[in-house]
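Structure first, commentary second.
The values are calculated or read from the model by the stated rules, or taken from the named source; none is laboratory data. Predicted, not measured: the structure shown is a model, and the values here were computed from it. Positions of Cβ are generated from backbone atoms using ideal geometry, with glycine treated the same way; all protein chains shown enter the neighbour counts. Ligands, DNA and RNA are stripped out before the accessible areas are found, and what is left, the full protein with its side chains, is counted by its heavy atoms. Shrake-Rupley method; radii C 1.70, N 1.55, O 1.52, S 1.80 Å.
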Amino acid sequence: MPVFNIYQLNNADQLDLFFSKSDGTLDLKKVSEKMEDFIATSEDGEINGEGFLNINTTIIEDKKIIESIATGQGSLGYYNQAYISNEEVTSNRKQQTFYSKSRVFITEDNFLIILFDDTTEEKIKRNIKNLVESVGFEVTNFRLSDAIMRNIRNDYTWTEVRLERVDNESDSTKKVYYEIDAADNDNDSLIDKIYRDQGKMVQISFEMPYNKIKDGPNFITVKLYKNDHRIVINASEFPKYEDMKTFIIHLTDILIKLQKK
């Protein structure tokens, strides 16, 4: 499952004097030129260093965007490597490392999106964030708050939610997760009636209307998680990567608007 995070690059009160234009948007030409100073290294086709590759500027959803591959180092943990010298056997603790990739999008309105093709690649997320910061940005999480999730539940068809910090006088429940049949228009969910206004929403799955995919679905399933502010979509709902990329930019714009609602 593809998973991505949204980040704010600096903010309106802390615009970067080098990268920002007078109107507050990013000068993507200057940004891409600076990214060229952090190109990933490879040997015999195998990535062996952190950095950017395939840096391109494009337009998606009428917005100028830098799209690039970013590589980062991950760890599989530590092990003890045995050695022999002069018939004496010793061992040293070593770290098993690897290099993996992500896709990054830097938008002219000061947002960063880090996309992983599947959840196994998320191990390098912190490294990718640090890499972007090395270019010269202050990177902060776009938080998938209780308010955003409740706006989504009010505005879109949803199928599951998870609540925490529940404080219901009628029982001792502190956390609750439940699913509903969105196709059942005749019966309301009893558990939702009890808990819908309780606690803090930390997870929601919903159907985003979307009609821009030729021969594709009219709704895209999206899952939001407050934990690490992750957004998960289903690759099988997109005939090709370009469709998914455009939807991600579209969804990001929707979430930013919901934050301000």
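Couple of notes before you dig in:
- Single unsatisfied condition, ASN56 versus (1) open to solvent by less than 70 Å² (accessible area, probe 1.4 Å); (2) under 21 Å from the mean Cα position of the chain (by Cα): (1)
- First in the range 205-221 and open to solvent by less than 10 Å² (accessible area, probe 1.4 Å), second anywhere and acidic (Asp, Glu), Cβ under 8 Å, 6 or more apart: SER205/GLU160; ILE220/GLU207; ILE220/GLU237
- When residues in the range 78-92 are screened for being open to solvent by less than 100 Å² (accessible area, probe 1.4 Å) and farther than 30 Å from ILE128 by Cβ, 5 of them pass.
- Looking across the range 91-141, the residues that are touching a residue at least 40 places away in the same chain (Cβ under 8 Å), touching a Leu at 6+ places or on another chain (Cβ under 9 Å) and over 25 Å from ILE256 (Cβ atoms) come down to LYS101, LYS123.
- Residue in the range 115-126 that is open to solvent by 50 Å² or more (accessible area, probe 1.4 Å) and within 14 Å of MET35 (Cα to Cα) present: no
- If the condition is being outside any helix (DSSP H, G or I) and either buried (at least 16 other Cβ atoms within 10 Å of the Cβ) or of a type in the set (Ser, Thr, Tyr) (or both), then the range 233-261 contributes ILE233, PHE238.
- Considering residues of the range 146-186 that are assigned to a loop (DSSP other than H, G, I, E, B) and in contact with a helix residue (DSSP H, G or I) (Cβ under 9 Å, 6 or more places away or on another chain) only, the residue most open to solvent (accessible area, probe 1.4 Å): SER170
- The range 194-222: number of residues that are in a strand (DSSP E or B), of a type in the set (D, E, K, R) and within 26 Å of ILE59 (Cα to Cα): 1
- Within the range 15-47, considering residues that are surrounded by fewer than 10 Cβ atoms within 10 Å (Cβ to Cβ) and assigned to a loop (DSSP other than H, G, I, E, B), the one modelled with the lowest pLDDT: LEU17
- Within the range 60-77, the only residue that satisfies the criterion of being surrounded by fewer than 10 Cβ atoms within 10 Å (Cβ to Cβ) and outside any loop (DSSP other than H, G, I, E, B) is GLY77.
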